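Working notes for the structure below.
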Amino acid sequence: MSSDLLLRHDAAGVTTLRLNRPAARNALSLALMAALEAELNAIEADTTTRIVIIAGAGPAFCAGHDLRELRGMEPGAAHQALFAACSRLMLRITTLRCPVIAQVHGIATAAGCQLVATCDLAIAADTARFATPGVNIGLFCSTPMVALTRAIGRKAAMEMLLTGEMASAAEAQRLGLVNRVVPEPELATATAALAATIAAKSRFTIAIGKQAFYRQAEMPLDDAYDYTAEVMTRNMRAADAAEGIDAFLQKRAPVWSDA
């Protein structure tokens, strides 16, 4: 599936969703957010997809919300609906059974930076830059703040939010906003290699792990241990756990049933 706003490509268990508003630096219009959420919903029900890559067409990854669209709306309910749609999209990424990798080039600003912070993993070109610059235009990046403060330290997040200044790819990696930084010509190859590594794992096991990761992160320590012990107990009953352990003991490659 693909549309004018969002291009989809599937290969070997990896689904790439490419934001396709290059002239607008892939700004997250209502229509683009709806298209992305619809594809993620379709992927949730698609057993052939094992991992998702979100990338951007043209010179940038994503410049955040479409400011022309925002200014063209009547203040109030329309803005509430737009920001609610963005929040719903970010939650869909987090709750998706498959891991999601952001493949970042150019700029990732405001809600675009939020998108990077929300994805499970992120690989950036060495020329990429990141910012939450809403403060510069009188619109504090309050919803991007939610993902940013969960991805990096509080003081680092607050500095980005209060100054609106650009951070380099190297600085984003130091802060923990991205996992890896690679030369720009190698970005697609490096992202594909990481995706292939994860796609080779049990889809069932990855889904259990991703869900548990986000749930335990919001729990007190003792509750987190109780919860993850229950998760591991449930995981041990799975066919892929038995297959994986047997394959390890028998020194052979596992054959996953994704169950």
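At a glance:
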item: Positions within the stretch 125-136 being surrounded by fewer than 18 Cβ atoms within 10 Å (Cβ to Cβ) and either in contact with a Leu (Cβ under 8 Å, 6 or more places away or on another chain) or free of Cβ contacts under 8 Å to residues at least 40 places away in the same chain (or both), in sequence order; result: Val135, Asn136
item: Single unsatisfied condition, Ala122 versus (1) farther than 19 Å from Asn26 by Cβ; (2) surrounded by 24 or more Cβ atoms within 10 Å (Cβ to Cβ); result: (1)
item: Boolean, Ala195 is assigned to a helix (DSSP H, G or I) and either of a type in the set (Ser, Thr, Tyr) or out of contact with any helix residue (DSSP H, G or I) (no Cβ under 9 Å at 6 or more places or on another chain) (or both); result: yes
item: Those residues of the stretch 227-259 which are among the aliphatic types (A, V, I, L, M), loosely packed, with under 15 Cβ neighbours inside 10 Å and assigned to a loop (DSSP other than H, G, I, E, B), in sequence order; result: Ala253, Val255, Ala259
item: Residue identified as crowded, with 21+ Cβ neighbours inside 10 Å and of a type in the set (Gly, Ala, Ser) among Ala78, Ala42, Ala60; result: Ala60
item: Checking Gln216 against (1) closer than 24 Å to Ala45 by Cβ; (2) assigned to a helix (DSSP H, G or I), the condition it does not meet; result: (1)
item: Answer residue from the stretch 121-143, given it is small (Gly, Ala, Ser) and within 19 Å of the chain's Cα centre (by Cα) and is nearest to Gly106 (Cα to Cα) among those; result: Ala128
item: Selection within the stretch 203-239 - over 26 Å from the mean Cα position of the chain (by Cα) and closer than 22 Å to Asp258 by Cα; result: Ala229, Glu230, Thr233, Arg234, Met236, Arg237, Ala238, Ala239
item: Sole exception among (1) over 23 Å from Cys113 (Cβ atoms); (2) free of Cβ contacts under 8 Å to residues at least 60 places away in the same chain for Ile206, by number; result: (2)
item: All positions within the stretch 93-102 that are outside any helix (DSSP H, G or I) and not hydrophobic (A, V, I, L, M, F, W, C); result: Arg97, Pro99
item: Output for the stretch 63-112, where each listed residue is of a type in the set (Val, Ile, Thr) and within 14 Å of the chain's Cα centre (by Cα); result: Ile93, Thr94, Thr95, Val100, Ile101, Val104
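Okay, residues lined up against (1) under 20 Å from Cys141 (Cβ atoms); (2) modelled with pLDDT of 95 or more; (3) in the same structural domain as Ala207 (by TED's automatic domain parsing):
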site: Met1; (1), (2), (3): no, no, no
site: Leu17; (1), (2), (3): no, yes, no
site: Ala27; (1), (2), (3): yes, yes, no
site: Leu32; (1), (2), (3): yes, yes, no
site: Asp46; (1), (2), (3): no, no, no
site: Thr49; (1), (2), (3): no, yes, no
site: Ala60; (1), (2), (3): yes, yes, no
site: Glu74; (1), (2), (3): no, no, no
site: Leu89; (1), (2), (3): yes, yes, no
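The values are calculated or read from the model by the stated rules, or taken from the named source; none is laboratory data. Predicted model only: the values in this text are computed from it and were never measured. So basically every Cβ, Gly included, is an ideal-geometry build from the backbone, and we count neighbours across all protein chains shown.
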